[in-house]
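Peer 1: Okay, handing you the structure first.
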Amino acid sequence: MSKKIAFQGEPGAFSHAAAAKVFPGEEFVGCVTFEETLAAVQSGRADFAVVPVENSLYGRITDIHHLLPQSGLHIIGETYLRVEMNLLAVPGATLADIEAVQSLSVALGQCRKFIADNGFRTINAVDTAGSAREVAQKGDRKIAAIASRFAAEIYGLDVLASNIEDAEHNTTRFLVLSPTPQEAPADNGKVKTTFVFRVRNVPAALYKAMGGFATNGVNMTKLESYMVGGAFTATQFYADIEGHPADRGVQLAFEELGFFTDYFKILGVYPASEAK
């Protein structure tokens, strides 16, 4: 029986490609928003979700940092997808015809130089593949989409320019989410642990909380802060470390972290993947 995998976007989206990379041959469920993507797994409509968490050009995907900690879902894996952006237009259109480009805000942000060099007006949309579909439906030679070649094939569009992203290292990291925890075993390859925490309102609390990771040789690969509940004084931190909670160094670091935090939650312990 095939598994159902939720992703944000329409067929041909980069998230669809990432989901197919992790779960080849399974059934894929496109969702309009990140909230709907997580809800598909929460409700049982999908077995897993594959969602973007950060991009090497654009930075973090803010919505995921806010939604994931309260979702009740668990990170069970990660994957990296090399993102190749393309300018897609209706058949017969030329680059000189284009006046505006439509795509997901993240995709537009990854192609700032190309857009500026051509003087295009930008149109924010829900996702890249949906933009390709809308451009195809409108049939307007003056509007192009920024999306994948896969989307061009699906919606019958021409590729006017390839690999228009600002840098060759344009890569997105995706997380695999499950309704139940599937903790990676210790001492069996590289492992990442993702967690969130809030520091106590005492002087130098964050500095002291981070000290335990340094003194115990635990590499922290990601640390992001964001407000919770709309309060400027309530800052939550999202962190990735290399290591397993069963590792002695991680145990000691978490113990020290506990002295300076009033909230701590592990979101997942999963095999580390390498960006390619």
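Peer 1: In nm, what is the difference between 0.36 nm times the number of residues separating SER43 and VAL228 and their Cα-Cα distance?
Peer 2: Numbers: separation 185, 0.36 × 185 = 66.60 nm, distance 2.48 nm.
In short, 64.1 nm is gained.
Peer 1: Given a Förster distance of 22 Å, report the FRET efficiency between LYS3 and GLU274 from their Cβ-Cβ distance, rounded to the nearest 0.05.
Peer 2: Numbers: r = 24 Å, r/R0 = 1.10.
About 0.35, to the nearest 0.05.
Peer 1: Please identify the longest segment of the chain free of exposed GluC sites (Glu not before Pro), where exposed means a DSSP state other than H, G, I, E or B and no more than 12 other Cβ atoms within 10 Å. Let's see the in-between values first.
Peer 2: Working: sites that count: GLU168, GLU274.
Formally, the longest exposed-site-free interval is 1-167.
Peer 1: If you take Cα extents along the principal axes in Å from the coordinates, which of (i) 64, 47, 33; (ii) 52, 51, 40; (iii) 55, 45, 34 do you get?
Peer 2: Computing Cα extents along the principal axes in Å and matching it to (i) 64, 47, 33; (ii) 52, 51, 40; (iii) 55, 45, 34 gives (i).
Peer 1: Here is a follow-up. About the Cα centre of the chain, how large is the charge dipole given +1 on each Lys and Arg Cβ and -1 on each Asp and Glu Cβ? Please answer in debye to the nearest 20.
Peer 2: On the way: 24 positive and 31 negative charges, 53 e Å.
Value, rounded to 20: 260 debye.
Peer 1: Under 20 Å from the Cα of LYS138, which aspartates and glutamates turn up, not counting those fewer than eight places away in the same chain?
Peer 2: Within the straight-line cut-off, LYS138 pairs with GLU10, ASP97, GLU99, ASP127, GLU153, ASP158.
Peer 1: Please build a GNM for the chain, connecting alpha carbons under 10 Å apart, and tell me which residue among LEU67, LEU104, LEU175 fluctuates the most.
Peer 2: Among LEU67, LEU104, LEU175, the largest mean-square fluctuation in the Gaussian network model of the chain belongs to LEU67.
Peer 1: Another question, then. For the pairs LYS4/LYS190; LYS21/LYS192; LYS113/LYS192; LYS3/LYS142; LYS21/LYS222, note any where the Cα-Cα span goes beyond 31 Å.
Peer 2: Details: LYS4/LYS190 27 Å; LYS21/LYS192 20 Å; LYS113/LYS192 34 Å; LYS3/LYS142 41 Å; LYS21/LYS222 24 Å.
From the list (LYS4/LYS190; LYS21/LYS192; LYS113/LYS192; LYS3/LYS142; LYS21/LYS222), the Cα-Cα distance tops 31 Å for LYS113/LYS192; LYS3/LYS142.
Peer 1: Sticking with this one: On a full-extension model of 0.36 nm per residue, what is the gain between ALA246 and LYS138, subtracting their alpha-carbon distance, rounded to one decimal in nm?
Peer 2: Details: separation 108, 0.36 × 108 = 38.88 nm, distance 5.56 nm.
That pair, ALA246 and LYS138, stretches by 33.3 nm at full extension.
Peer 1: Could you compute how much accessible surface ARG60 exposes when probed at 1.4 Å, giving the result in Å² to the nearest 10?
Peer 2: Counting only protein heavy atoms, ARG60 exposes about 70 Å² to solvent.
Peer 1: With every protein chain in place, what's the accessible area of MET220 (1.4 Å probe, Å², nearest 10)?
Peer 2: Number for this one is 50 Å².
The values are calculated or read from the model by the stated rules, or taken from the named source; none is laboratory data. Fair warning: this is a prediction, and the values are worked out from it, not measured in the lab. No Cβ is skipped: glycine too gets one built from the backbone with ideal geometry, and neighbour counts run over all protein chains shown. Calculation scope for accessible area: heavy atoms of the full protein, side chains included, ligands and nucleic acids excluded. Shrake-Rupley method; radii C 1.70, N 1.55, O 1.52, S 1.80 Å.
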